[in-house]
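Q: Structure below; questions to follow.
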Amino acid sequence: MSPDDGGADPSARGAASRLLVVGATSGIGRAFALTAARAGHRVLAAGRRAERLDALRATHPNIETLVGDVRSDDDCAAMVGAAVERFGGLDAFVYATGTSPLGPLVDTDGDAWRAILETNVVGAAQVCRAAIPHLLTTGGRALFLSSISADDPRPYLVAYGASKAALDAMVRGWRNEHPDLCVLRVVVGPTITEFGARWDPATTAELARVRAERNLVRTAPMTAEQVADEILHVLISPVWAQDVTLVPDNTPQS
């Protein structure tokens, strides 16, 4: 259905859906897969790390898994195909995959740029490309995780911010080419995840110093579970949403 019809059929929202979660081995993707499964939805969790997917699958019977790399066009198509084959259709996908090294632009070489863009943008495009025919059939939804850094790239994470800005432009393009499809963009603020677990400690400390010096740290971060709860709420809402921003509650504690 189109926005003029009031979005997807409200009677269908909240019922068990068939979901593909790309980037489900850690962080928000993992938290969302588990949150959706516990809410009664059938989830195909996809990612690169087989051992983590095995552990996730063991947490809930509604979760199935598939190993795949979003930097492979064939793997992107296989993720969608597996969800359709196993569940008999696809009602939505969530693209939660994201990567970035930590360092100044002057030290960010071409290989780093390509890895960031292939993971954060090209993979997202290829998953959506494969999913489009199925989502149009089911009146389904495509959801991409963006970042507040798209509009304000943080020092040492400029390439990441640039990739999210490209993702945002791509999302707008999908909407323009498919106005009958609900394409959601969820902009995520500071959140506790494993995103920077492999960053160099010295560079991480320098980033913390720069952020504090420039007053770029103003709030306590959200948890992945909090973000996952809000993503599920938006995804199954009876009304269409397009751009949703999630940031920590900065209300002073009494």
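Q: Among 123-133, 84-94, how do they line up from the highest to the lowest mean number of other beta-carbon atoms within 10 Å?
A: Packing order, densest peptide first, comes out as 123-133, 84-94.
Q: Taking the Cα centre of the stretch 15-246 as the origin and placing charges on Cβ (Lys, Arg +1; Asp, Glu -1), which of Ala228, Ala50, Gly161 is farthest toward the positive end of the dipole?
A: Value computed over the given set: Ala228.
Q: What ranking do Val244, Val186 get, fewest neighbouring Cβ atoms within 10 angstrom at the top?
A: Taking fewest neighbouring Cβ atoms as first place, the list is Val244, Val186.
Q: Sorted by mean Cβ packing within 10 Å, highest first, what order do the peptides 19-32, 98-111, 40-53, 59-72 take?
A: My ranking of the peptides, most packed first, is 19-32, 40-53, 59-72, 98-111.
Read-outs throughout are calculated quantities, based only on the coordinates presented, and are distinct from any laboratory measurement. All figures in this text were calculated on a predicted structure; none of them were measured in a lab. Methodologically, a virtual Cβ is constructed for each residue, glycine included, from the backbone with ideal geometry; neighbour enumeration extends over all protein chains shown.
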